[in-house]
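Enquirer: Supplied in structure tokens, the structure appears directly below.
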Amino acid sequence: MQIGSLARRYARALFGLGIEAGGDPVLDRWFEQLQRAGTIFRETGLYPVLENPGIQFEQKRQILDNALPGIDTFVRNFLYLIVSKNRVRLLDQMIAAFQTDLYERRGIAVVDVRTAIPLTDDQRQRLNTRLGNYLKKSIIIREEIDPSIVGGAVILAGDKLIDASVLGRLDALHDQLLQLY
Amino acid sequence: MAIRSEDIISNLRGQIEHFGAMVSAVDVGTVQEVGDGIARIYGLSGVKASELVEFPNGTLGMAFNLEEDSVGVIILGSYEGIKEGDQVRATGRVVEVPVGDALVGRVVNALGQPIDGKGPLLGGMKTRPIERVAPGVITREEVSVPLQTGIKAIDAMIPIGRGQRELLIGDRSTGKTAIATDTIINQKGQDVICIYVAIGQKASKTAQLVATLEQFGAMDHTIVVAATADEPAALQYIAPYAGCAMGEEFMETGRDALIIYDDLSKHAIAYREVSLLMRRPPGREAFPGDVFYLHSRLLERAARLNKNYGGGSLTALPLIETQANDVSAYIPTNVISITDGQIFLEPDLFYAGIRPALNVGVSVSRVGGKAQIKAYRQVAGRLKLDMAQFRELAAFAQFGSDLDKTTRASLDRGTRIQEILKQPQYEPMPVDQQVAIIYAVTNGYTDDVPVDRVRAFETAFLRFMTQSHPDVLQAIRTDKQITDTTQNALNAAIAEFKRNATY
């Protein structure tokens with residue numbers, strides 16, 4: 001997901017408050033509550049309602065309280081804030097940004113691994129270890145099967161790509177041979 | 001040298017056998033939006049300014065704007081075939097072009113790829129980045145060796161030296177490109193590699209120019225870099241820098257090169273287009289704020305290097321097109337302040353039959369006499385003076401017989417010099433012949449020739465000199481000055497010609 005700078009700033013503000021309010025347990029709880037809010041908004045079609053300028057803010061506040069009972073004060077205030085500033089559409093991006101900050105804090109990296117055939121447990125383990133050493137973080141691997149790469153793996157960690165697939169090597173060979181003649 | 005198919009096959013076998021693909025991490029991003037020759041990329045967080053990036057279909061781009069969330073990339077090629085969601089890779093290189101002797105005689109595009117249909121560039125290809133810091137003060141040498149354009153008006157009064165930057169400025173169709181072409185033709189046998197960069201020109205005009213150069217055997221020492229009007233603005237923007245990199249290769253290996261930018265007005269317009277699409281704030285005439293830097297960093301790379309650095313040189317002849325003779329417009333004033341002089345071409349003079357349509361009074365070469373051989377300095381000093389006096393009195397020309405003798409003489413001399421300075425296109429003149437004819441005029445030997453016969457006199461006289469007295473011309477060429485013996489010989493030859501020949 002592409003995270004815009006606006007969403008990032010909102011999420012980081014809340015994150016900072018979370019660190020001061022108690023650290024990791026608080027952050028985890030808030031993250032779960034944010035995810036819940038996002039799911040509810042999406043599934044009950046609340047986004048258009050919360051964005052509607054014809055509805056008074058007081059009414060929107062009521063709707064939020066009814067939809068999300070028992071969430072922490074700061075998370076509630078956060079939701080009030082983004083509704084009042086008409087930024088509620090960015091909630092999914094803000095959740096993603098919050099998660100990024102969480103992973104950053106915990107030294108976790110999410111790595112997308114695309115292979116032609118499913119990874120064996122042994123391969124997964126070795127990949128985990130090697131990537132962990134390379135990135136100096138603990139790794140969460142998201143696997144995807146893509147037969148078109150023929151063999152090997154394409155590994156994407158944030159902005160860095162490692163193309164160790166057969167298709168990639170064939171492309172590189174193709175370019176190199178073309179350069180000769 | 002033909003390449004045998006057996007060689008190709010064995011070479012390819014070797015490549016395949018020993019192919020060691022280095023697997024390494026590259027920076028990637030995703031295309032957010034693409035169009036109008038630019039793309040916005042999300043990601044690419046480690047990319048550097050002006051770094052080369054690659055799109056999935058092989059097209060290259062240059063990272064132009066580095067912003068908080070995204071990277072603005074200008075596409076060095078066609079933007080069709082690139083779509084939203086495509087993955088873009090950073091290459092870790094800045095834009096570079098092939099350089100070296102393999103390029104001489106070829107027509108290439110702004111990325112150095114051949115477009116003349118004569119096959120790929122041969123030989124091990126060296127490349128250079130197109131952007132570079134200009135030579136520093138210590139590495140340079142004073143300009144003192146002439147670059148002969150072969151055009152009398154220029155070589156006599158606005159001489160250009162190797163390593164100088166001289167601007168050719170004027171309205172459309174005043175002869176700017178014609179002067180550039182003649183200069184290229186005149187470099188045959190002078191050990192100067194010429195690079196002609198066409199920026200935003202009509203493809204037909206460029207093709208015609210290449211055909212003309214081939215006709216006069218000038219393509220053997222010329223490289224043509226073409227970013228014609230149909231090319232994307234991004235390629236028009238980098239074309240001059242690509243040509244300059246090619247020129248620098250010769251300069252830094254101890255050779256002399258000449259580069260012609262035709263023209264920098266269209267270059268500024270292409271840069272403005274790309275900058276506005278990238279949302280850089282517009283300034284005067286909607287040009288971006290760094291349009292001066294655009295040209296200054298290009299032209300500062302033309303220099304003469306001292307012996308410790310090879311002694312090579314790169315001479316630059318930028319062209320600027322003015323609108324209605326307005327030299328105080330934004331881009332013209334910028335480039336005038338950067339170059340070491342300017343040559344003004346005016347439509348009034350052109351239509352009055354004075355071609356090349358140089359306005360000698362306003363044109364300047366800040367290197368001046370230092371860029372002339374001594375022989376030329378000996379005759380040309382009088383020339384500028386005579387022409388200056390002539391211009392002052394030109395208004396009185398209509399009064400005909402009502403003038404005193406000195407004024408009459410000055411006017412007569414001036415009209416004859418003016419006739420001599422006219423020159424047909426594609427006929428650059430060697431410097432020894434130039435010295436001979438200007439010597440004849442400034443010493444009064446043409447004063448008794450009717451004005452409308454002066455050009456005929458010139459043609460016949462020079463033919464006479466080459467056929468009957470080639471030793472005199474040779475002496476001028478070798479000594480590079482007019483010694484007393486040469487002067488006597490010249491006087492005698494002129495007298496002989498006037499006695500016998502008809503014109």
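Enquirer: Cβ contacts < 6 Å: first residue closer than 19 Å to residue B:335 by Cα, restricted to segment B:268-284; second residue among the basic types (Lys, Arg) and surrounded by fewer than 16 Cβ atoms within 10 Å (Cβ to Cβ), any location; separation 6+ or different chain. Result?
Expert: No pair meets every condition.
Enquirer: Enumerate the strands (runs of 3 or more DSSP E) found wholly within segment B:143-245, keeping only those where 1 or more residues are closer than 30 Å to residue B:383 by Cβ and among the β-branched types (Val, Ile, Thr).
Expert: B:167-170, B:192-199
Enquirer: Name every residue in segment A:70-94 that is farther than 14 Å from residue A:46 by Cα, of a type in the set (Lys, Arg) and buried (at least 16 other Cβ atoms within 10 Å of the Cβ), in order of residue number.
Expert: Within segment A:70-94, just A:76 meets the criteria.
Enquirer: Among the listed residues B:395, B:436, which satisfies the condition of being more than 19 Å from residue B:458 (Cα to Cα) and part of a helix (DSSP H, G or I)?
Expert: Residue meeting the stated conditions: B:395.
Enquirer: I'm checking my understanding of the structure. Among residues of segment B:73-101 that are within 27 Å of the chain's Cα centre (by Cα) and within 14 Å of chain A (Cβ to nearest Cβ), which one is nearest to residue B:246 (Cα to Cα)?
Expert: Taking the candidates together, the pick is B:98.
Enquirer: For residue B:65, which of the numbered conditions (1) in contact (Cβ under 8 Å) with a residue 24 or more places away in the chain; (2) within 13 Å of chain A (Cβ to nearest Cβ) fails to hold?
Expert: Single failed check for residue B:65: (2).
Enquirer: Return the total of residues in segment B:29-56 being more than 13 Å from chain A (Cβ to nearest Cβ) and crowded, with 18+ Cβ neighbours inside 10 Å.
Expert: Summing the residues that are more than 13 Å from chain A (Cβ to nearest Cβ) and crowded, with 18+ Cβ neighbours inside 10 Å in segment B:29-56 gives 7.
Enquirer: Now for a separate question. Failed condition for residue B:6, given (1) more than 40 Å from the chain's Cα centre (by Cα); (2) in a helix (DSSP H, G or I); (3) within 13 Å of another protein chain (Cβ to nearest Cβ), with all others met?
Expert: For residue B:6, the exception is condition (3).
Enquirer: OK, next. Using beta carbons and a limit of 8 Å, which pairs, at least six apart or on different chains, have the first residue in segment B:229-246 and free of Cβ contacts under 8 Å to residues at least 40 places away in the same chain and farther than 15 Å from residue B:275 by Cβ and the second one among the basic types (Lys, Arg) and in a loop (DSSP other than H, G, I, E, B)?
Expert: Cβ pairs passing all conditions: B:229/B:202.
Enquirer: Of the numbered conditions (1) part of a helix (DSSP H, G or I); (2) touching a strand residue (DSSP E or B) at 6+ places or on another chain (Cβ under 8 Å), residue A:12 fails exactly one; give the number of that condition.
Expert: (2)
Enquirer: Here's a follow-up. What number of residues in segment B:445-485 are part of a helix (DSSP H, G or I) and either within 29 Å of residue B:411 (Cα to Cα) or not hydroxyl-bearing (Ser, Thr, Tyr) (or both)?
Expert: Residues meeting the conditions: 26.
Enquirer: Just give me the residues in segment B:57-72 being surrounded by 20 or more Cβ atoms within 10 Å (Cβ to Cβ) and either more than 30 Å from the chain's Cα centre (by Cα) or farther than 16 Å from residue B:238 by Cβ (or both), in sequence order.
Expert: Across segment B:57-72, the qualifying residues are B:70, B:71, B:72.
Enquirer: Among the residues of segment B:264-286, what is the count of those that are out of contact with any Pro (no Cβ under 6 Å at 6 or more places or on another chain) and not in a helix (DSSP H, G or I)?
Expert: 5
Enquirer: Next question, about the same structure. Can you tell me which residue within segment B:247-263, out of those that are in a helix (DSSP H, G or I) and either in contact with a helix residue (DSSP H, G or I) (Cβ under 6 Å, 6 or more places away or on another chain) or charged (D, E, K, R) (or both), is nearest to residue B:98 (Cα to Cα)?
Expert: Only one residue fits best here, namely B:249.
Enquirer: Only residues that are crowded, with 19+ Cβ neighbours inside 10 Å and of a type in the set (D, E, K, R): list them for segment B:320-345, please.
Expert: B:321, B:340
Enquirer: Do we find that residue B:259 is surrounded by fewer than 22 Cβ atoms within 10 Å (Cβ to Cβ) and modelled with pLDDT of 95 or more in this structure?
Expert: The answer is no for residue B:259.
Matching residues to (1) under 14 Å from residue A:14 (Cα atoms); (2) touching a strand residue (DSSP E or B) at 6+ places or on another chain (Cβ under 8 Å):
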position: A:73; (1), (2): yes, no
position: A:77; (1), (2): yes, no
position: A:86; (1), (2): no, no
position: A:89; (1), (2): no, no
position: A:94; (1), (2): yes, no
position: A:100; (1), (2): yes, no
position: A:104; (1), (2): no, no
position: A:107; (1), (2): no, yes
position: A:115; (1), (2): no, yes
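Enquirer: For residue B:59, state whether it is within 14 Å of chain A (Cβ to nearest Cβ) and closer than 25 Å to residue B:243 by Cβ.
Expert: When the stated conditions are applied, residue B:59 passes them.
Enquirer: Determine the pairs where a residue that is in contact (Cβ under 8 Å) with a residue 24 or more places away in the chain and part of a helix (DSSP H, G or I), located within segment B:402-414, has a partner that is crowded, with 16+ Cβ neighbours inside 10 Å and of a type in the set (Asp, Glu) with Cβ atoms under 9 Å apart, the partner being 6 or more residues away or on another chain.
Expert: These pairs meet every condition: B:410/B:386; B:413/B:386; B:414/B:386.
Enquirer: Also, I was wondering about something else. Scan segment B:59-88 for residues that are more than 19 Å from residue A:160 (Cα to Cα) and part of a loop (DSSP other than H, G, I, E, B) and jot them down.
Expert: Matches in segment B:59-88: B:59, B:77, B:78, B:79, B:80, B:81, B:82, B:83, B:84.
The values are calculated or read from the model by the stated rules, or taken from the named source; none is laboratory data. Quick caveat, the model's predicted, so the values are computed rather than measured. As a convention, Cβ positions derive from the backbone with ideal geometry for all residues, glycine included, and neighbour counts pool all protein chains shown.
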